[in-house]
Structures are given as C-alpha cells and as structure tokens.
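Let me begin by presenting the structure, written as structure tokens, before commenting on it.
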Amino acid sequence: SQKIEQNSEALNIQEGKTATLTCNYTNYSPAYLQWYRQDPGRGPVFLLLIRENEKEKRKERLKVTFDTTLKQSLFHITASQPADSATYLCALPNSWGKLQFGAGTQVVVTP
Amino acid sequence: ETGVTQTPRHLVMGMTNKKSLKCEQHLGHNAMYWYKQSAKKPLELMFVYNFKEQTENNSVPSRFSPECPNSSHLFLHLHTLQPEDSALYLCASSQVGLAGGIPYEQYFGPGTRLTVT
C-alpha cells in the first residue's frame with residue numbers, strides 16, 4: 001500500500017516568510033495529489049490539486065510542485081500570515097483509487 | 001462550511017450505549033464518506049457510498065454500521081463501542097465520475113468529537 005510521509009514536527013515561521021512543506025510517497029506515482037488545510041476541531045478544506053503531468057500549480061499565495069521522479073510534492077505558502085496557521089494535509093489515491101491522507105504538518109506563523 | 005453538516009458536534013457515550021451520527025450534504029454530490037481521525041494520525045477511511053451504494057468497507061468493526069438512505073444523507077450507527085474508538089469522525093462528500101477518472105475534491109463536515117467512556 002502507499003505510504004505517505006509528512007513532517008510530523010510543527011513548522012514555526014515568522015510572518016512574511018515562505019513556509020515550505022513536504023509530502024513524500026513511497027510506492028507507485030499517483031495520477032494526482034491534493035492538499036488540504038485543517039484547523040483545530042474542524043474538517044479539512046481543499047486547497048489545490050496537481051496532476052502528474054503538471055510540474056507546478058499556484059493559487060494566490062500558495063504554490064504546489066509535483067516531482068514524480070523524487071516521489072515528492074512541495075507546498076509553499078509565500079508571504080505567510082498568522083491566519084495561515086493550521087495543519088496542512090496532502091492526499092493521493094491508493095491503488096484502489098481511494099484518497100489516502102498523510103498525517104499532516106502543523107504550521108505556526110508568528111507575528 | 002454549511003455545504004456538509006454533521007450532528008451532533010460532540011458525543012459522550014458509554015460502552016453499552018447505542019447512538020447515531022448524522023451527516024447531510026447540500027452540494028448535490030453523488031459520493032459520501034466516513035473517516036476516523038485520531039490524534040496525530042492520518043485520516044482513516046471507513047466507508048464509501050457511491051450513488052447510495054456502499055462501495056468500500058475498510059475492515060471496520062461491526063460495531064460501526066453505516067446507512068445511506070439517499071445521496072444527501074449518511075448515518076453512522078454506533079453500538080458497544082470501545083474506549084479506543086474515541087476520535088473525531090468526519091463525513092465528506094464529492095462528485096465522482098461514472099467511469100472513474102480523477103475525482104473531484106472532497107468537502108468535509110465539521111466532524112463529531114466522540115468520547116467513549
């Protein structure tokens with residue numbers, strides 16, 4: 001089965017800096033990968049989807065890259081703000097096509 | 001956030017109780033999901049319903065029983081739970097194509113925080 005690895009340590013970053021999160025997977029390369037944001041006590045909220053033939057995707061201050069050779073996706077938050085503080089989850093389909101989530105990385109942006 | 005609603009938001013139940021979680025989606029989606037989220041662990045997919053038909057049961061213990069009466073409503077019936085079942089239970093919905101392909105994103109409800117005593 002697919003193993004998804006996200007940094008379990010919280011990422012502490014100063015406001016205005018760029019936060020970079022990694023999502024590594026171990027087995028077959030998926031056709032796409034999704035990123036979600038989750039705030040405490042709430043359900044995840046979809047942010048971005050990137051397909052295997054796309055190298056990069058942007059949405060406002062967010063940027064996602066997908067490197068199928070490295071089996072890795074990077075998630076960037078540029079000009080970070082305290083409101084960006086949350087846990088960010090990557091998700092990709094398993095061999096049965098069902099979405100499988102990583103454990104997430106917590107981001108803490110301090111003023 | 002009102003696209004997918006869940007009730008109750010919090011639930012405390014004893015090991016001998018029977019309770020039900022309710023989920024409703026107002027997005028016109030054709031697939032609904034139940035997930036379990038324990039502290040510091042990835043979301044665990046429990047059940048999937050496509051077009052009201054259960055298409056996946058990830059080896060979930062029989063003390064969890066799903067029900068999907070129509071494409072907008074999903075229930076999770078609970079009975080004789082164990083303390084290790086305490087977790088955040090999330091409902092989600094999405095649109096899926098008949099022929100498969102890349103699914104759309106999933107929309108989650110706020111979850112039910114379940115505590116089994």
Inset, instruction - Among what's in region A:61-75 and is within 12 Å of A:PRO30 (Cα to Cα) and of a type in the set (S, T, N, Q), pick the residue that is nearest to the chain's Cα centre (by Cα). - result: A:SER73
Legend entry - Scope region A:92-111; condition small (Gly, Ala, Ser), facing chain B (nearest Cβ under 10 Å) and either touching a residue at least 12 places away in the same chain (Cβ under 8 Å) or buried (at least 17 other Cβ atoms within 10 Å of the Cβ) (or both); matching residues: A:GLY102, A:ALA103, A:GLY104
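Looking at region A:37-46, can you tell me whether even one residue there is surrounded by 14 or more Cβ atoms within 10 Å (Cβ to Cβ), over 15 Å from the mean Cα position of the chain (by Cα) and either more than 30 Å from B:GLU56 (Cβ to Cβ) or in contact (Cβ under 8 Å) with a residue 12 or more places away in the chain (or both)?
For region A:37-46, residues surrounded by 14 or more Cβ atoms within 10 Å (Cβ to Cβ), over 15 Å from the mean Cα position of the chain (by Cα) and either more than 30 Å from B:GLU56 (Cβ to Cβ) or in contact (Cβ under 8 Å) with a residue 12 or more places away in the chain (or both): absent.
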Inset, instruction - Could you check, for region B:6-18, whether at least one of its residues is free of Cβ contacts under 8 Å to residues at least 60 places away in the same chain, assigned to a strand (DSSP E or B) and charged (D, E, K, R)? - result: no
Legend entry - Count of region A:76-107 residues which are more than 15 Å from the chain's Cα centre (by Cα) and under 24 Å from B:PRO42 (Cβ atoms): 5
Legend entry - Pick from region A:49-85, criterion closer than 12 Å to A:LEU33 by Cβ and β-branched (Val, Ile, Thr), ranking: farthest from the other protein chains (Cβ to nearest Cβ): A:THR65
Legend entry - Selection status of A:SER95, in a loop (DSSP other than H, G, I, E, B) and under 17 Å from A:PRO30 (Cβ atoms): yes
Inset, instruction - Say whether the condition of being surrounded by 21 or more Cβ atoms within 10 Å (Cβ to Cβ), of a type in the set (Ser, Thr, Tyr) and touching a residue at least 40 places away in the same chain (Cβ under 8 Å) is met by at least one residue in region B:104-112. - result: yes
Inset, instruction - Answer yes or no as to whether B:VAL96 is within 13 Å of chain A (Cβ to nearest Cβ), closer than 23 Å to B:GLY3 by Cα and part of a strand (DSSP E or B). - result: no
Inset, instruction - Report yes if B:ALA31 is buried (at least 17 other Cβ atoms within 10 Å of the Cβ) and either of a type in the set (Phe, Trp, Tyr) or at pLDDT below 95 (or both), otherwise no. - result: yes
Inset, instruction - For B:GLU44, state whether it is acidic (Asp, Glu), surrounded by 15 or more Cβ atoms within 10 Å (Cβ to Cβ) and within 11 Å of chain A (Cβ to nearest Cβ). - result: yes
Legend entry - Out of A:LEU89, A:LEU74, sole residue that is in a strand (DSSP E or B) and surrounded by 21 or more Cβ atoms within 10 Å (Cβ to Cβ): A:LEU89
Inset, instruction - Please determine, by comparing only the residues of region A:20-48 that are in contact with an Asp or Glu (Cβ under 7 Å, 6 or more places away or on another chain) and modelled with pLDDT of 95 or more, which one is nearest to the other protein chains (Cβ to nearest Cβ). - result: A:PHE46
Inset, instruction - Say whether the condition of being in contact (Cβ under 8 Å) with a residue 60 or more places away in the chain and of a type in the set (Gly, Ala, Ser) is met by at least one residue in region A:76-87. - result: yes
Legend entry - Qualifying positions in region B:65-92 - among the charged types (D, E, K, R) and either in a loop (DSSP other than H, G, I, E, B) or within 14 Å of the chain's Cα centre (by Cα) (or both): B:GLU67, B:ASP85
Legend entry - The listed residue being of a type in the set (A, V, I, L, M) and part of a loop (DSSP other than H, G, I, E, B), out of B:VAL60, B:VAL48: B:VAL60
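The values are calculated or read from the model by the stated rules, or taken from the named source; none is laboratory data. None of the values given here were measured: they were computed from a predicted structure. FYI the Cβ positions are ideal-geometry reconstructions off the backbone, even for glycines, and counts take in every protein chain you see.
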